[in-house]
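Let me begin by presenting the structure, written as structure tokens, before commenting on it.
The values are calculated or read from the model by the stated rules, or taken from the named source; none is laboratory data. Just so we're clear, the structure is a prediction, and the values are computed from it rather than from any experiment. For neighbour counting, all protein chains shown are included, and Cβ atoms are generated from backbone atoms with ideal geometry for every residue, glycine included. Calculation scope for accessible area: heavy atoms of the full protein, side chains included, ligands and nucleic acids excluded. Shrake-Rupley method; radii C 1.70, N 1.55, O 1.52, S 1.80 Å.
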Amino acid sequence: MTYETFCGGIFETNCYLVEAPEGWMLFDAPDGACNWLESRHVDVKLLLLTHGHFDHVPDAAKIKRLFNCQIGCHPQTEPMISDPEFFRGFGFELEIEPVKPDLLIEETPAREFLGLEMNVLEVPGHCPGSLCFFSRKDELLIGGDVLFASGVGRWDLPGGDADLLFAGIRKKIFSLGDNVTVLPGHGPPTKIGTERRTNPFLV
Ligand SMILES: [Zn+2]
Ligand SMILES: [Zn+2]
């Protein structure tokens, strides 16, 4: 599976463009992602969201409008992207253009997205409804803000829970195997084995 990375917005949020058998799909939609896709001249058919934090979703509505693509996310992500008041309830003064998901995704051992079979893991603790998308064939995990190179997602935001986060990483992520490459929501790619051995939050 080939993929390309774009990093956008003030939080330097990564998104990943993946070529699936039936077309291109994008994981997450940070600021600038839509312009980047336009410049790449690809036709995006599906946008999957790892979680609903405002740095991962601001271009979602724009991308859906431009490409007429479907959006998939966890049921708990839906209010974060469709209700403009959601984050204001937490005291954040930001506004993103609201958008409705077309498909709701929950944890499942195998689900096809544009002909690409993925194991979908739900790993909350950084954000409720946080999803990691794993391709066993490619040994590739699109992980969102769960596990980073030498770091983990912060757990002090609304709905965060350190116990859930660390248990999820150890049980669901580490068990995928040391050779798996993690494409995280921030920072460079890493390997699960590297993080299992050297991540200061997890050793
Ligand atoms: Zn996040
Ligand atoms: Zn993030």
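The residue that is farthest from the chain's Cα centre (by Cα), counting only those in the range 1-30 that are open to solvent by 30 Å² or more (accessible area, probe 1.4 Å) and within 14 Å of ligand 1 (Cβ to nearest atom), is Ile10. Within the range 132-163, the set of residues being under 14 Å from the mean Cα position of the chain (by Cα) and on the phi > 0 side of the Ramachandran plot comprises Gly144 only.
In the range 151-172, which residues are within 16 Å of ligand 2 (Cβ to nearest atom) and assigned to a loop (DSSP other than H, G, I, E, B)? Hits for the range 151-172 are Gly153, Arg154, Trp155, Asp156, Leu157, Pro158, Gly159, Gly160. Reported count of residues in the range 47-76, each being buried (at least 24 other Cβ atoms within 10 Å of the Cβ), more than 15 Å from ligand 1 (Cβ to nearest atom) and part of a loop (DSSP other than H, G, I, E, B), is 1.
In the range 25-46, what residues are closer than 24 Å to Gly129 by Cβ, in contact with a Cys (Cβ under 9 Å, 6 or more places away or on another chain) and away from ligand 2 (no atom under 16 Å from the Cβ)? Once the filter is applied, which keeps residues that are closer than 24 Å to Gly129 by Cβ, in contact with a Cys (Cβ under 9 Å, 6 or more places away or on another chain) and away from ligand 2 (no atom under 16 Å from the Cβ), the range 25-46 yields Met25, Val44, Lys45, Leu46. Residues in the range 175-186 that are within 16 Å of ligand 2 (Cβ to nearest atom) and more than 8 Å from Asn14 (Cβ to Cβ): 1 in all.
Among the residues of the range 137-188, those that are of a type in the set (A, V, I, L, M, F, W, C) and open to solvent by 50 Å² or more (accessible area, probe 1.4 Å) comprise Trp155, Leu164.
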